[in-house]
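Structure first, commentary second.
The values are calculated or read from the model by the stated rules, or taken from the named source; none is laboratory data. Given the structure is predicted, the values throughout are model-derived calculations rather than measurements. Quick reminder, even Gly has a Cβ in these numbers, built from the backbone with ideal geometry, and neighbours come from all protein chains shown. Please note that ligands, DNA and RNA were not included when accessible areas were found on the heavy atoms of the full protein model with its side chains. Shrake-Rupley method; radii C 1.70, N 1.55, O 1.52, S 1.80 Å.
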Amino acid sequence: MQFLLILGFLGVLAQWSWVASSLNNDDQVFSITPKTQAEVDIVKNVSSQFETVLWSPAAPEFIREEAEVHLFVPGNSSQAVRELLQTHGVTHAVMLANTKELIEMQTRNASTDPRSGMSYYEKYHSLEDIYHWLNKTAMENPDRVKVILIGSSFEKRPLYVLKLSAISTTNTNKKAIWLDCGIHAREWIAPAFCLWFVQYSLSFYESNRDIATILDNMDVYVLPVMNPDGYKYTWTTDRMWRKNRSTREDSRCAGVDLNRNFDANWCTEGASHHPCSEIFCGEFPESEPEASAVASFLRRHKEAVALYVTIHSYSQMLLFPYSCTRDLTENHAELLSMAKEAAQKIKRYYRNNYKYGAGAETIYLAPGGSDDWAYKLGIKYSFTFELQDRGRYGFLLPPSEIPRACNEALIALKTIALRVVERI
Ligand code: ARG
Ligand code: ZN
């Protein structure tokens, strides 16, 4: 009898330790706020070892005292990372413990289940799905949507832009908005927003005065996935991938940060010449086919494009140039007032806080970005939106949050676009 009791007890123990170790073996996201320069150095060190992935900031060189760091820690490095932090007395909190579950939620496709009640736009979609959606949308709206092939990716995937236009005959030299999403592969809410925006524009042109005003005065070019190779890679191989997938003979590391590859103080402070860095600027400005395709298209259409908007996540910010220098733009006050009004609208309608300001002063120096480049090309209204959230889920934002995240970005975009319409 006693023997059986002991056996039972051992069984429970074994189960417990199994649960505990399986928990510890899961990929987690740590939140760490270094308090001193010494702690900053330790966190930098940790983040460049053990196959961890920095979520925020984008690269170790941006880690500062008293600023929160979000670090993705794969299960097999978890113990080593915790020990290293502990021996140096650096405290951390586990921000996300259920990354596997969250990734599963993001990739689950409930479209086959008619009872789910979720619309297509309340889910994340694979690259193949998005290509299919593009064609379908164009076919179903032949007089309002045109598909334009602007180039191809490093791995030769097509870069399709949707051109949305209202059927109006009066306006001859119509202006335009450029909207791109998914320059960074892991920021899945970005392509989701581009799809959301197209759907909204097509459905509410007749009934929403703001969207009618915008579309009557401006065409909209939408590039739903600027980095298709990277996006595909986040679905198949590495959910945390940021850059494109270009390879080079002199390095084992793949990928260029497309938002450091544009010709705006290219590869100065805030970008890196090292191919293994998350903020690798590439061989030369526009060395990457994705960046070059967008830049060429905008150069050809620069007379028409009055507003440039690029969608990222996460951190909830409405940014405008410059990011490549601490100088202020010539129309800083105007850009600031537009961003401020947009942030206030989000606050009023969705009770959510978005920071706003010039990129360099609001986050960090980040040269070679598409927004700065577009601005320097002459597109005086140029914005980067960083959508939800502020770190609760980070890149693993559950699909249930898509509607709110997109509606926030939508109201910000409409607010700014209406201000641009007044000025053209
Ligand atoms: N998180 C974005 C990045 O690091 C910020 C983009 C702001 N604009 C810019 N030109 N850097 O790329
Ligand atoms: Zn980004």
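Structure summary
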item: Cα Rg over Rh - the range 31-106, Kirkwood; result: 0.96
item: Loop sites in the range 58-164: trypsin sites (Lys or Arg not before Pro), DSSP, at most 15 other Cβ within 10 Å; result: ARG64, ARG108, LYS156
item: Helix-derived mean residue ellipticity, 222 nm - over the chain, DSSP H n ≥ 4, -39500 (n - 2.57), to 500; result: -12500 deg cm²/dmol
item: Accessible surface, 1.4 Å probe, highest first, among residues PHE284, PHE50; result: PHE284, PHE50
item: FRET efficiency, TYR349 to GLU249 (Cβ-Cβ, R0 56 Å, nearest 0.05); result: 0.60
item: The range 355-399: equivalent-ellipsoid semi-axes (sqrt of 5 x gyration tensor eigenvalues, Cα, Å); result: 25, 12, 9
item: Debye equation applied to the C-alpha atoms of the chain, log10 I(q)/I(0) at 0.09 Å⁻¹; result: -0.56
item: Trypsin sites (Lys or Arg not before Pro) within the range 189-252: DSSP coil, no more than 10 neighbouring Cβ in 10 Å; result: ARG252
item: Free-standing Cys, the chain [no other Cys Cβ under 4.7 Å]; result: CYS324, CYS406
item: Top of SER323, SER207, SER47 by mean-square fluctuation, Gaussian network on the chain, Cα under 10 Å; result: SER207
item: Per-q log10 I(q)/I(0), the range 171-288, q = 0.10, 0.11, 0.16 Å⁻¹ (Debye; single scatterer per alpha-carbon; no solvent); result: -0.41, -0.48, -0.81
item: Residue with peak Gaussian network fluctuation, the chain [Cα springs, cutoff 10 Å], from THR234, THR384, THR87; result: THR87
item: Distance in nm between pseudo-label sites at ILE167 and GLU128 (7 Å out along the Cβ direction from Cα); result: 3.5
item: Principal-axis tilt of helix 402-423 within the chain, Cα atoms, nearest 10 degrees; result: 30
item: Separation of the THR268 and ASP143 label points, Cα + 7 Å toward Cβ, nm; result: 5.0
item: Fully extended contour minus Cα-Cα distance, from ASP41 to GLU401, at 0.36 nm per residue; result: 126.1 nm
item: Efficiency of FRET between GLU68 and THR213 - r from beta-carbon atoms, R0 30 angstrom, step 0.05; result: 0.15
item: Whole-angstrom Cα spans of the range 21-151 along principal axes, big to small; result: 63, 36, 22
item: With at most 13 neighbouring Cβ atoms within 10 Å, loop GluC sites (Glu not before Pro) (DSSP) excluded, longest segment of the chain; result: 67-205
item: Highest-fluctuation residue, ILE63, ILE150, ILE167 considered, GNM on the chain with Cα pairs under 10 Å; result: ILE167
item: The chain - percent of accessible surface contributed by carbon and sulfur, probe 1.4 Å; result: 52
item: Surface accessible to a 1.4 Å probe, per residue, for the residues of the chain, Å²; result: 45
item: FRET efficiency estimate (nearest 0.05) - Cβ-Cβ, ARG326 to THR107, R0 41 angstrom; result: 0.55
item: Cα-based helix-to-principal-axis angle, 2-24 vs the chain, degrees rounded to 10; result: 30
item: Distance in nm between pseudo-label sites at GLU83 and THR33 (7 Å out along the Cβ direction from Cα); result: 2.9
item: Tilt relative to the chain, helix 127-140 - C-alpha long axis, 0 to 90 degrees, to 10; result: 30
